[in-house]
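The values are calculated or read from the model by the stated rules, or taken from the named source; none is laboratory data. Computed from a predicted structure; not experimentally measured. Because the Cβ atoms are built from the backbone with ideal geometry, glycine has one as well, and the counts that use them run over all protein chains shown. When the accessible area is computed, the model is the full protein with side chains, heavy atoms only, and any ligands, DNA or RNA have been set aside. Shrake-Rupley method; radii C 1.70, N 1.55, O 1.52, S 1.80 Å.
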Amino acid sequence: MSKDLVIALAGNPNCGKTSLFNELTGSRQHVGNWPGVTVEKKEGKLKFQGRDITIVDLPGTYSLGAYSEDEVVARDFILKEKPDVVINVVDSCNLERNLYLTMQILETGAKVVLALNMMDEAKNKNIQIDIEKLSRAIGIPAVPTVAPKKQGINELVSEAIKLGDSSNKELYKINYGPKVQKEIKEIESSFLESGAALDYPASWTALKLIENDEYVNKYVQERAKTNAVKNQVQNSIQSLTESIGYEPDAFIIDKRYEKISEVVKGSVEKDVAIKETASDKIDKVVTNKWLGIPIFAIIMFAVYQISIGLGNGTLSDFVNDKIGQLGTNIDFTLRGIGAPQLLGDFVRDGIFGGVGSVLGFLPMILIMFFLISLLEDSGYMARAAYVMDRLMHALGLHGKTAVSLIIGSGCNVAGIMSARTLENKKDRMIAILISPFISCPARLEIYGLFIGAFFANKRIGIFSEGGLIVFILYALGILVAILMGKFLSSKVFKGENSYFVMELPPYRIPTLKGILIHMWEKSSHFLKKAGTVILAVCIIVWVLTNLPAGVAQDKTILARLGALIAPIFKPAGFGTWQAGVALITGFAAKEAVVGTFGTIYGVDEGVHLFHAIQNTFTPLTAMSFMVMCLLYVPCVATIGAIKSETNSSKWAWAAVAYTCGIGWICAVIVYQVGRLMGFV
């Protein structure tokens, strides 16, 4: 009986690996985190020719070094988990750069199939690749693919299965010369002498030690019982430096590129005349020094206009009505079978009134994620990060901070985790500590509630007033984040910024399948929160709203709790116990603010939430409340991510303190200035 196979996908960022993964696994994907780290882990299932195959999508990386968590995760999976086959996805237009990772993967002893992806783009650039010559030169199967068009995918999987079933265990070796090989043997001998038990192949580990890999150095020293390895490595590096004339790590890199140059020269032909592509022509406009940021602003403005215009109107009302009707029907059924009235109230108001209020904004969330996925898959979001780099650099911030902020608009936790790609500790800390100010989809629900109550169907010219407000809030979050980053850079984390290097992928026409998969990945996270955290918060809120039994609503435990902090927010215009409670529960998850209002006001004989909000807030206090929700303490998951990424409870609590302070100050400014201008 044929065994099940585990196939790992490895490749550089922007090589089309994600598109290939989506085509192979479709909706049969699971997303989580790698054990012990915050890097996202994607697994999927594929049934092919009667074989059950697990596809593991490794983090995109340029090498198997140890400069970031991504690189460590990728190489640890290949070396320790030992997948049956590694499909190395490469960009056919940039073989020289992509093959560096290929060489490193081969040196681990893994069985590798080369997926020459984006072959259509290579042909458009008049790049001719002789597949057979390339395959012979490297000694592994090579298959041309165009992932979005499903070209070559069956052939690729067939080759992977054939290789996985083979008994070939021949280790790929680059000729580094007799001197390096001699020192590798000497270090291998020192492993035995020191009694070091290694999970990695001995020859690969020895090579990494010669390259002065800090991670492997630490790994070996922890397992060695004597100083034999440490002494031998020092002697080997010194000996090679003297004989070669410069550091052996640079020599090894040069040798890899010599091999790559030899392979490419014998199998790839390029048109000498450089042809300007459609991507180049578009980039002249969208990455223009003066037009780049305004274009990005216009695109994001359009995203929020469409999301609010389509998702927060008829669709939202339809979902709200259906969920509310379902809660009422279940309440009616429970009473019909003689259940206690309290149970019916709990189901109608505690569950459907609370969680239902959150789910009512699902259409808006889905539309926004659809549009964001469209921008990501087309290649535009990489341009957005590029044009933001100029602004970041002018303010003394690292360009990759812009990447964290853009990713944070999908989820602050993801934005914080993306900071791990920053090599400089100063830059990494700043990116982590300013990410919570970025408006995320959870906050979008709060905006949707107040826009529906006060700004629905209002327009300024051809534009939706609600969409304009959301865009202003989004821009405010970015502005506060940048200003806070400037403060941290100049006053708290002093030092030099590292350089920002980023590859711009060619523009591509996104596939509907890929967009829908990405949209579902993001939306499923929202639905899981609605069914867990939000549900738990709504139940607690409902219980506290009904205790002690028989008292007026403003005398309940929840009302008293909210009343304790309500005076703090009086200068911001929303000093009510209901608002105070909603801000407290928003600490668990920002969506819980909407769920809390739904539960509280649902108690009052099922009053429609929009109407209840209109009785408690005004358009001006609604604006100040939204500003507070944008900037004040991020959710528990975000605080946990800050603690994990900074390895410090101090910074996590500091984030709670300064976000609350900044949120309160900005909310007060909005309300007080609004009053002076005559708004109510």
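For segment 317-350, the tally of residues that are modelled with pLDDT under 85, aliphatic (A, V, I, L, M) and open to solvent by 50 Å² or more (accessible area, probe 1.4 Å) stands at 1.
Kindly indicate whether any position in segment 618-632 is over 17 Å from Tyr447 (Cα atoms) and open to solvent by 10 Å² or more (accessible area, probe 1.4 Å).
Going through segment 618-632, the residues over 17 Å from Tyr447 (Cα atoms) turn out to be none.
Among the residues of segment 618-632, not one is over 17 Å from Tyr447 (Cα atoms) and open to solvent by 10 Å² or more (accessible area, probe 1.4 Å), which makes the answer no.
Is one or more of the residues making up segment 12-25 at pLDDT 85 or above, assigned to a strand (DSSP E or B) and within 20 Å of the chain's Cα centre (by Cα)? Looking for residues that are at pLDDT 85 or above, assigned to a strand (DSSP E or B) and within 20 Å of the chain's Cα centre (by Cα), one finds none in segment 12-25, hence no. Selection of strands (runs of 3 or more DSSP E) fully inside segment 88-146 by the criterion of at least 2 residues being of a type outside the set (Val, Ile, Thr) and either closer than 20 Å to Glu262 by Cα or touching a residue at least 12 places away in the same chain (Cβ under 8 Å) (or both) returns 112-117, 142-144.
With respect to the conditions (1) closer than 30 Å to Ile460 by Cβ; (2) in a helix (DSSP H, G or I), Trp290 falls short on a single one, namely (2). The number of residues in segment 510-555 that are in contact with a helix residue (DSSP H, G or I) (Cβ under 8 Å, 6 or more places away or on another chain) and of a type in the set (Gly, Ala, Ser) comes to 4. The number of residues in segment 537-589 that are part of a loop (DSSP other than H, G, I, E, B), under 23 Å from Leu620 (Cβ atoms) and of a type outside the set (Phe, Trp, Tyr) comes to 4. Ile174 meets the conditions (1) modelled with pLDDT under 90; (2) over 30 Å from Cys93 (Cβ atoms); (3) open to solvent by less than 50 Å² (accessible area, probe 1.4 Å) in every case but one. The failed one is (2).
Taking the criterion of being among the hydroxyl-bearing types (Ser, Thr, Tyr), more than 22 Å from Asp70 (Cα to Cα) and buried (at least 23 other Cβ atoms within 10 Å of the Cβ), would at least one residue in segment 430-447 satisfy it? Break it down into steps so the answer makes sense when it comes.
Of the residues in segment 430-447, the ones among the hydroxyl-bearing types (Ser, Thr, Tyr) are 435, 439, 447.
Then keep just the ones that are more than 22 Å from Asp70 (Cα to Cα); that gives 439, 447.
This time we only want the ones that are buried (at least 23 other Cβ atoms within 10 Å of the Cβ), so: 439, 447.
Checking segment 430-447: at least one residue is among the hydroxyl-bearing types (Ser, Thr, Tyr), more than 22 Å from Asp70 (Cα to Cα) and buried (at least 23 other Cβ atoms within 10 Å of the Cβ).
Note on segment 454-470: residues that are in contact with a helix residue (DSSP H, G or I) (Cβ under 9 Å, 6 or more places away or on another chain) and either crowded, with 21+ Cβ neighbours inside 10 Å or of a type in the set (Val, Ile, Thr) (or both) total 8. In the set (1) crowded, with 20+ Cβ neighbours inside 10 Å; (2) more than 24 Å from Gly16 (Cβ to Cβ), the condition left unmet by Val285 is number (1).
Name the single residue, out of those in segment 454-487 being of a type in the set (A, V, I, L, M) and at pLDDT below 90, that is nearest to Ile613 (Cα to Cα). Per the stated criteria, the residue is Ala456.
How many residues does segment 367-403 hold that are of a type in the set (S, T, N, Q), buried (at least 21 other Cβ atoms within 10 Å of the Cβ) and over 29 Å from Asn424 (Cα atoms)? The qualifying residues number 1. The numbered conditions (1) out of contact with any helix residue (DSSP H, G or I) (no Cβ under 9 Å at 6 or more places or on another chain); (2) farther than 18 Å from Glu107 by Cα; (3) not aliphatic (A, V, I, L, M) are all true for Ser236 except (1).
Consider segment 379-411 and keep the residues that are of a type in the set (Gly, Ala, Ser) and not in a helix (DSSP H, G or I). The one that is modelled with the lowest pLDDT is Gly399. A residue that is small (Gly, Ala, Ser), open to solvent by 30 Å² or more (accessible area, probe 1.4 Å) and more than 22 Å from Leu99 (Cβ to Cβ) occurs nowhere in segment 215-227.
When segment 507-536 is limited to residues that are charged (D, E, K, R), in a helix (DSSP H, G or I) and surrounded by 14 or more Cβ atoms within 10 Å (Cβ to Cβ), the one that is modelled with the highest pLDDT turns out to be Lys513. Of all the criteria given as (1) of a type outside the set (Lys, Arg); (2) open to solvent by less than 30 Å² (accessible area, probe 1.4 Å); (3) under 17 Å from Val594 (Cβ atoms); (4) assigned to a loop (DSSP other than H, G, I, E, B), the one not satisfied by Met364 is (4). Within segment 418-429, if we keep just the residues that are part of a helix (DSSP H, G or I) and open to solvent by less than 10 Å² (accessible area, probe 1.4 Å), the residue that is modelled with the highest pLDDT turns out to be Asp427.
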